[in-house]
Amino acid sequence: MASSNYFTPQRGNGFPDKSRLTNALPTYSSAVTEKMHRHSRSMSWTVPVSVPIPGVHSRRLRLFMPNPSRVRQIGISRFGRRRGPILLCVVLIASIITVCSFARRFGTEEKQWTTNFGESSTLVFGRDDLQRIWKWEIDSGHYPSNAKIPEQVGLSVPPLNPALPPRKVPTIPSRFRPPPGPVATTTRGDGPRRVYLDVQSMPPNLAYPPRPVPGSVADLDVIMDHCDFSQGKYVRDCLEVLRVGAGLDNGNRLRRGEMDEWKYIYMEQEKENFTDPFTDPIPIANPIAPPRPLVSGGETDPNAGLRKKVGVDWETQLPLRAPLQHTPYSSLPAPCDPENPRLFHMFWTGPFTDKPYLALLSFLFTQNVGLHLKDGDALNVCRPEFWMWINPGPAASVPNPSALSDMYEGLKTNPWAAPFLHHRFKDVIKFKLWNTTDQLDGIPELKDEWRELRETLFNSGGHIVSVPAEKSQSKSTEVFSTSTIEDSTNSTDADTSAKPLPTGDNKPDEDDMLNRTGSKSSSSYDRLSVILSDMARFVLCHRFGGIYLDADTIFLRDWEELWGWKGAFAYRWSRLEKYNTAVLRMNKNSALGSFLFRTALKNGLDFHPMTVSRYTKDAYLEGLLLRLPDALFDSAWLNTEYYQRERPPQPYFQEFSDFFDTPTQASAAPQALGFEGFFQGAFSYHFHNFWWKPFDASRNWPDLGPKFSAGERAARAAAEPDIDPEDATDRVADDKRDLDWATVLKRTFESYIRGERPNMYGEWLQW
């Protein structure tokens, strides 16, 4: 008979649960044992504290800290009841400082711990502006959701929502209608009807999944129902719903029976002629605004209940342009909506490497960019564009007048970047020069005031990196050009007139944080570029619209349905109810964007995702920047933090490094399952930095075939300096026996460019 120790009851997300009776209280034996255990600990001078070891996810460090109960007892007995608690406070503060000092001393630059002993409010807008922001976003079709509006916003009448269909409910006589509440927390649908699709491959075309229907929309309310970690949903189950609902299980559907609850993709159709009994305004006691508490003088306070940032006045009324008109895809005069451009943005500093290279390859492999059609053939869909923003030097430097030409020279001579300058990709991949001054001057909410914060421009979560004035005047393009020369010395297309490497006293200290151009290891993390990118993503989305992606992102499927959903979104920071803006969707010149920039300006221009989470929470605007489950873009994150390990998704990563160095016990999966077995259903994968780890250590060069052989020879010479590229021969015997997941994905995308296989939807690249 099996021992009872082999079974431990589990809670919703995999935590072990205590034994409980039917009244949900701990059993007598467990309660007594726990009480005795607490008593024994209270008699000890120290108590063990387990803390994570930075960089070592699988182990924790056990520290012994002073026991507060014991210290209090001794303090009272020796110093009396008045001075004893004071001693306890001193000891506790000293203990906290000790732990924080340990974290700061031994944490890597990539992930150092931060402490926060209480967050002050960041709010600078009053209730009237918050209502106007909500109303503008709803009127513009940016809230296609049935989620509740916070009561604190204080809307008096449910707004008409052009992105929701009218409700089909029986007519209810007014005398039987429930009395309205003091504030409105819902919207009234006034938009097109929704038709939910059954997406799946049909015989005989079962080898590949079908492309999403142009103009289709993902119902993110349905996705939240199946994927929300706060509701105990598992990443494994979420991914199944995502792939089945999108037809990614082509020819392999194993579920039987009705599946309407898993349908999350719909098309918008024009409204039918039926009457919504709630279309007419519902009378309420005060149609202007709900009653407010009285303040001195008998006047009401319109901002009662809001917690304003200390030391600042309420902002003046936020200027907003006229709301947009929500137009269904079927009613657009052309496939692309100019108010909702399909732009992917990515920000990169320093020499181009295999990381943005793979991001671009995955974009071509998954998105509907029309490469399966010959030049001149019409593509009757709105194909997305990828804008790669290049910051040519250290984050704190200013580009010189020749920065743009220098950037293109560097790209042409860099074997990882040069293939994407091919004319076949010119309409879908575009390189852009990043200039911080020009970009900030292009934000109306910032342009007149941001210079006052130049000394604190690099602000991340309240931690400011000061940049001396002379550092910001360095010629950044010299750093960029010389870096690319190092990577392309053997390229036949190298520019022999490029600037030489600085020597002697003129050579900058590349390990100095202010001079770094990219992260070369975990100990030389380019923190300034990371901080700059935190701001850049909001700047780009607000100025141009679209979706920003971190450079450590790999596309896993077509994003058509996400483009159809017009609201703004980021995703959840693992187990925490905070944002991760590694994926960020915002509409250009939106009310939400104006709010964020004005709020950030009054809070030190801090765009760290944790701080942005405070901005929206303090203002009750979280619903306008939807926090999607991380399963959609970061499916391994919860597992790496010890959550849901009893029912992990496929593949199962205990650490993010498993992507690059797949554990031996699981190393058969990458080759056996291939691209289709890698978090299938997710829209993308975020591998969390590791800029210094090659995707393919055995073949650390672009392998794209004869069209790009010159770049391959140059990169191969850099990777294998002892072997002449002309004499190099490829032998399977020299390859790694068990290929890692990162290697399998890189080689899969490259084989598509070489013409050896179609993309994930069965389309062959036409040159």
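Listed here are the residues, each with its yes/no results for (1) modelled with pLDDT of 95 or more; (2) open to solvent by 30 Å² or more (accessible area, probe 1.4 Å); (3) over 32 Å from the mean Cα position of the chain (by Cα).
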| residue | (1), (2), (3) |
| --- | --- |
| 690 | no, yes, no |
| 713 | no, yes, yes |
| 745 | yes, no, no |
| 754 | yes, yes, no |
| 758 | yes, no, no |
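Of all residues in the stretch 691-720, those that are among the hydroxyl-bearing types (Ser, Thr, Tyr) and in contact with a Ser or Thr (Cβ under 8 Å, 6 or more places away or on another chain) total 1.
Under the condition of being of a type in the set (A, V, I, L, M) and in a helix (DSSP H, G or I), the residues counted in the stretch 540-569 number 2. Scanning the stretch 607-639 for residues that are in contact with a His (Cβ under 7 Å, 6 or more places away or on another chain) and free of Cβ contacts under 8 Å to residues at least 40 places away in the same chain yields no hits at all.
Summed over the stretch 603-659, residues that are among the aromatic types (Phe, Trp, Tyr) and under 17 Å from residue 228 (Cβ atoms) total 3. For residue 404, the conditions (1) open to solvent by less than 10 Å² (accessible area, probe 1.4 Å); (2) among the aliphatic types (A, V, I, L, M); (3) not in a loop (DSSP other than H, G, I, E, B) all hold with the exception of (1).
Residues considered: 667, 657, 684. Of these, the only one that is of a type in the set (S, T, N, Q), surrounded by 16 or more Cβ atoms within 10 Å (Cβ to Cβ), at pLDDT 95 or above and closer than 24 Å to residue 264 by Cα is 684. Looking at this structure, is residue 306 modelled with pLDDT of 95 or more, closer than 23 Å to residue 581 by Cβ, surrounded by 14 or more Cβ atoms within 10 Å (Cβ to Cβ) and of a type in the set (A, V, I, L, M)? When the stated conditions are applied, residue 306 does not pass them.
Please enumerate the residues belonging to the stretch 226-282 that are at pLDDT 95 or above and assigned to a loop (DSSP other than H, G, I, E, B). If the condition is that a residue be at pLDDT 95 or above and assigned to a loop (DSSP other than H, G, I, E, B), then 228, 232, 233, 234, 246, 247, 248, 263, 264 are the ones that fit. The selection criterion, being at pLDDT 95 or above, under 30 Å from residue 138 (Cβ atoms) and either open to solvent by less than 10 Å² (accessible area, probe 1.4 Å) or in a loop (DSSP other than H, G, I, E, B) (or both), does not hold for residue 662. Can you find a residue in the stretch 348-359 that is of a type in the set (Ser, Thr, Tyr), open to solvent by less than 30 Å² (accessible area, probe 1.4 Å) and either touching a strand residue (DSSP E or B) at 6+ places or on another chain (Cβ under 7 Å) or modelled with pLDDT under 95 (or both)? Yes, because at least one residue in the stretch 348-359 is of a type in the set (Ser, Thr, Tyr), open to solvent by less than 30 Å² (accessible area, probe 1.4 Å) and either touching a strand residue (DSSP E or B) at 6+ places or on another chain (Cβ under 7 Å) or modelled with pLDDT under 95 (or both).
Please work out if residue 577 is of a type outside the set (A, V, I, L, M) and crowded, with 22+ Cβ neighbours inside 10 Å.
Here the answer is no, as residue 577 does not meet what is asked.
Residue 642: of a type outside the set (A, V, I, L, M, F, W, C) and free of Cβ contacts under 8 Å to residues at least 24 places away in the same chain, yes or no? The answer is yes for residue 642.
The values are calculated or read from the model by the stated rules, or taken from the named source; none is laboratory data. All values derive from a computational prediction rather than experimental measurement. So basically every Cβ, Gly included, is an ideal-geometry build from the backbone, and we count neighbours across all protein chains shown. What goes into the accessible areas is simple: the full protein's heavy atoms, side chains included, and nothing from ligands, DNA or RNA. Shrake-Rupley method; radii C 1.70, N 1.55, O 1.52, S 1.80 Å.
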